[in-house]
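The values are calculated or read from the model by the stated rules, or taken from the named source; none is laboratory data. Values in this document were obtained by computation on a predicted structure and should not be read as measured data. Heads up, the Cβs are rebuilt from the backbone with ideal geometry, glycines too, and the neighbour counts pull from every protein chain shown.
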Amino acid sequence: MLGLRKKKAAASVPCEAPAPAVLDARGNELLRLPEPGAAMLPSSLAFSLYKAGSTLLSKVLEDLAPHAGVRAYNLEKELFRLGIEHRDLPKSVAGVFRERGYCYTVFRSMPFAYEIPIFENAPKLLLVRDPRDILVSHYFSMGKTHPTPGDAVSQKKRERFDRERQIVQTTTVDEHALRKAELFRRYFAEYDRRLLAQPNLRIDRYEDIVFSKPDWVDAICGHLGWEIEVETCASVAQKHDIVPEDEQGNRHIRRVRPGDHVEKLRPETIASLNETFAPVLERYGYDR
């Protein structure tokens, strides 16, 4: 039950020294890790997938972390803001991962361009969603609601985004789902290969938490070892408990309710996706 475990966080303890700046091959600073949180708590890692509730997970952790004395840090978002391509990252980026004081949130696929030294020992979260609903949501996001990359990103990356949006806007949701199915199958496969066997991992399904956010927030804090006031957790859960009564096609939070693929996709498209994602559907308990 919400609130039985929580109490006011213990007095803060100095954390380890922050990581040095990440430098490129020429010695120029690419990014600098902010100061850690004050509490001497193990750093944690949060994973999800595009359109699987990743933004929700990130915002919830960002709101909770300061109350636990932890610094929430979104490396992927920071790289995007700075316009740094993954292929340009030096191996030294691994230095941003510190053993204590941080919550690294949220990775939307398994990172491939850099190592995560704390990967095995850190408490980890994984939020998944029915891949068929992911593909439907991805279609509407890419076609309408996903923000256009800002000036910080490279011209090539912005052009790639524009081309992708043009493609989506001239195809049907069925065509898009079939075209992107293999990409998301690989995302799930990489989690299967590298994440699922790791210790200290909590897995949640979007379908189970979207209407039970107070219990979910409580479970997150318990898994990460965050002791936060009951009222604070309840407030964070309520803040993010957004469920539109009707479908909002032009907003990031478009529908929320599970099973959207049944209404949006043709039976033959669903049948094809069922085959592509058969191991995923079975592993996470989704009906075919």
message = Looking only at the stretch 121-157, count every residue that is modelled with pLDDT under 95, assigned to a loop (DSSP other than H, G, I, E, B) and hydrophobic (A, V, I, L, M, F, W, C) and tell me the total.
response = 2
query = So which strands (runs of 3 or more DSSP E) are wholly in the stretch 34-120 and hold at least 2 residues that are within 20 Å of ARG194 (Cα to Cα) and aromatic (Phe, Trp, Tyr)?
reply = 102-107
query = Which residue pairs have Cβ atoms closer than 9 Å, lie 6 or more positions apart in sequence or on different chains, and pair a first residue in the stretch 109-129 that is under 11 Å from SER43 (Cα atoms) with a second residue that is part of a loop (DSSP other than H, G, I, E, B) and of a type in the set (Phe, Trp, Tyr)?
reply = ILE118/PHE97; PHE119/PHE97; ALA122/PHE97
request  = Among the residues of the stretch 114-134, write down those that are under 16 Å from TYR187 (Cα atoms) and surrounded by fewer than 21 Cβ atoms within 10 Å (Cβ to Cβ).
outcome  = none
query = Which numbered condition trips up GLU164, out of (1) at pLDDT below 90; (2) surrounded by 15 or more Cβ atoms within 10 Å (Cβ to Cβ)?
reply = (2)
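Just to be sure, is ILE209 modelled with pLDDT under 95, in contact with a Phe, Trp or Tyr (Cβ under 8 Å, 6 or more places away or on another chain) and either of a type in the set (A, V, I, L, M) or crowded, with 17+ Cβ neighbours inside 10 Å (or both)? If you could, list the steps in order and put the result at the bottom.
Values: modelled with pLDDT under 95: yes; in contact with a Phe, Trp or Tyr (Cβ under 8 Å, 6 or more places away or on another chain): yes; either of a type in the set (A, V, I, L, M) or crowded, with 17+ Cβ neighbours inside 10 Å (or both): yes.
Criteria met by ILE209.
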request  = Just give me the residues in the stretch 275-284 being surrounded by 16 or more Cβ atoms within 10 Å (Cβ to Cβ) and either in a helix (DSSP H, G or I) or over 24 Å from the mean Cα position of the chain (by Cα) (or both), in sequence order.
outcome  = THR276, VAL280, LEU281, TYR284
ask   = If you go through the stretch 55-72, how many residues are within 14 Å of ILE220 (Cα to Cα) and among the polar types (S, T, N, Q)?
value = 1
query = What residue, of LEU33, LEU61, LEU45, LEU75, is surrounded by 14 or more Cβ atoms within 10 Å (Cβ to Cβ), modelled with pLDDT of 95 or more, of a type outside the set (Gly, Ala, Ser) and touching a Phe, Trp or Tyr at 6+ places or on another chain (Cβ under 9 Å)?
reply = LEU45
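Go through the stretch 196-212 and count every residue that is under 17 Å from the mean Cα position of the chain (by Cα) and farther than 21 Å from PRO131 by Cα. I'd like the intermediate steps shown before the answer.
Taking the stretch 196-212 and keeping what is under 17 Å from the mean Cα position of the chain (by Cα), we get 196, 201-210.
Within this subset, residues satisfying the condition of being farther than 21 Å from PRO131 by Cα are none.
Total satisfying the criteria: 0.
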key: All positions within the stretch 77-95 that are charged (D, E, K, R), free of Cβ contacts under 8 Å to residues at least 60 places away in the same chain and within 21 Å of THR55 (Cα to Cα)   = LYS77, GLU78
task = Can you work out which of the residues in the stretch 20-30 that are out of contact with any helix residue (DSSP H, G or I) (no Cβ under 6 Å at 6 or more places or on another chain) and among the aliphatic types (A, V, I, L, M) is farthest from GLY69 (Cα to Cα)?
result = ALA25
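Within the stretch 224-234, is even one residue modelled with pLDDT of 90 or more and closer than 24 Å to PHE188 by Cβ?
yes
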